[in-house]
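Report on the structure given below.
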Amino acid sequence: MQAYSLDLRQRIAQACAEPGARQAHVAARFCVSVAFVGKLLRRQRQSGQLAALPGRGGPARCLDAAAQAWLRDQVAAQPDATLAELQTLLLVERGQAVSRGSVWRVLHEQGWRRKKKPARHGA
């Protein structure tokens, strides 16, 4: 999700500074939530800043670079392996228990694509 632009944040803060302005009306006017307006004004009071906070990244990857390379080598050696088989190989050979979704994400990020099943005609 993208952060609201600094320009929009400045216009919201300016609208809230007008005499008689209510947060709910400003929120409706700019199509943002009342909670966002409140948090924006609190941030402005506490730090003097309106800019969005920097991103915090996210959870750490469950497969490090070495495990990802190993997985890529396994797919190259056995291109018809299923996600479940690769998941089992990771557990047995590397001792790493991960979900099938994690296996898929690594392969997908590396450009691996699932082959489409041929269309059935006359069925």
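Residues that are exposed (fewer than 12 other Cβ atoms within 10 Å of the Cβ) and more than 23 Å from the chain's Cα centre (by Cα) were ranked within the stretch 92-104; the one that is modelled with the highest pLDDT is V92.
Assess whether L89 counts as being within 30 Å of Q10 (Cβ to Cβ) and either at pLDDT 90 or above or not β-branched (V, I, T) (or both).
Spelling it out, it is not the case that L89 is within 30 Å of Q10 (Cβ to Cβ) and either at pLDDT 90 or above or not β-branched (V, I, T) (or both).
Between a residue in the stretch 90-119 that is farther than 14 Å from D64 by Cα and any residue that is at pLDDT below 85, which pairs come within a Cβ distance under 6 Å, given they are 6 or more apart or on different chains? From the stretch 90-119, no pairs qualify. Kindly check whether there is at least one residue in the stretch 56-72 that is over 22 Å from the mean Cα position of the chain (by Cα), loosely packed, with under 15 Cβ neighbours inside 10 Å and more than 30 Å from Q2 (Cβ to Cβ). Yes, the conditions are met somewhere in the stretch 56-72.
The values are calculated or read from the model by the stated rules, or taken from the named source; none is laboratory data. All of these numbers come straight from a predicted model, not from anything done at the bench. Cβ atoms come from the backbone with ideal geometry, glycine included; neighbour counts cover every protein chain shown.
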